[in-house]
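Values in this text are rule-based calculations from the coordinates and carry no lab data. Here the structure is a predicted model, which is why all the values come from computation and not from measurement. Cβ placement follows ideal geometry from the backbone for every residue including glycine, while neighbour counts extend to all protein chains displayed.
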Amino acid sequence: MFPPTPDSGTRASRPHYPTPGLSKAPLMELEEPWIFGAWPRRLAIFEDRFEVRDFELMREKIGSKGYGWVDRVVVSGNGWFSSLLLSGREGEPILIRGVSKTDADRAKALIEARMPRANGETPPTSSVAAPDTERSMRALTELRDAGVMSEEEFETKRKEVMAKEERRC
């Protein structure tokens, strides 16, 4: 789904990645469908940045931004006509229209996962036990209280569950 070259009338080949000195291949790419114009906007998500490939006066314009630029990522719509909106600290927001909800949600997750690192923050760690751990502990306690499990068996299983939770964090 790439636009035809002005002189040949054939589909252009995919743009050459990578940009020298930057990460090698995009983690994900999104492209607007042709119904939004002859020259669709493309978003390439890399480990260290994202690029917007747009057309202006029959020439491809590539804008590269770091994740520190992003203030908010919003997905709207359902099905194949969802939109991804990136709003930033300065400049125009970036809108990619007509993509599937699944792709838009995946792009949002990739971008939001990289935003804290770009802003010098550490991702929050949860001190609350996972729901699976809580359920397991409740089930073990019920089995012990019902007399199905001895106190020794309970302690052994409890230690296994807690060790598994510590490895997860």
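Summary of computed values
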read-out: Percent of Cα-Cα distances greater than 20 Å, calculated over region 28-118; value: 30 percent
read-out: Residues whose placed amide H lies under 5 Å from that of residue 71, excluding near-sequence neighbours; value: 87, 88, 89
read-out: By average C-beta atoms within 10 angstrom, highest first, the peptides 44-50, 134-140; value: 44-50, 134-140
read-out: Amide H within-cut-off set for residue 47, under 5 Å, with H built and near neighbours excluded; value: 27
read-out: Karplus-derived 3J(HN,Hα), 6.51/-1.76/1.60, for each residue of region 48-61, Hz, glycine and proline x; value: 10, 6, 9, 10, 10, 10, 10, 10, 9, 6, 6, 10, 6, 10
read-out: Nonlocal amide H pairs with residue 55, under 5 Å, H built at 1.01 Å; value: 61
read-out: For region 130-169, alpha-carbon Rg relative to the globular expectation (2.2 N^0.38 Å, N residues); value: 1.15
read-out: Karplus-derived 3J(HN,Hα), 6.51/-1.76/1.60, for each residue of region 134-149, Hz, glycine and proline x; value: 4, 4, 5, 5, 4, 5, 5, 5, 5, 5, 5, 5, 7, x, 6, 10
read-out: Whole-Hz ³J(HN,Hα) from phi, Karplus 6.51 cos²θ - 1.76 cosθ + 1.60, for region 85-102, glycine and proline x; value: 10, 10, 10, x, 5, 9, x, 6, x, 10, 10, 10, 9, x, 9, 6, 4, 4
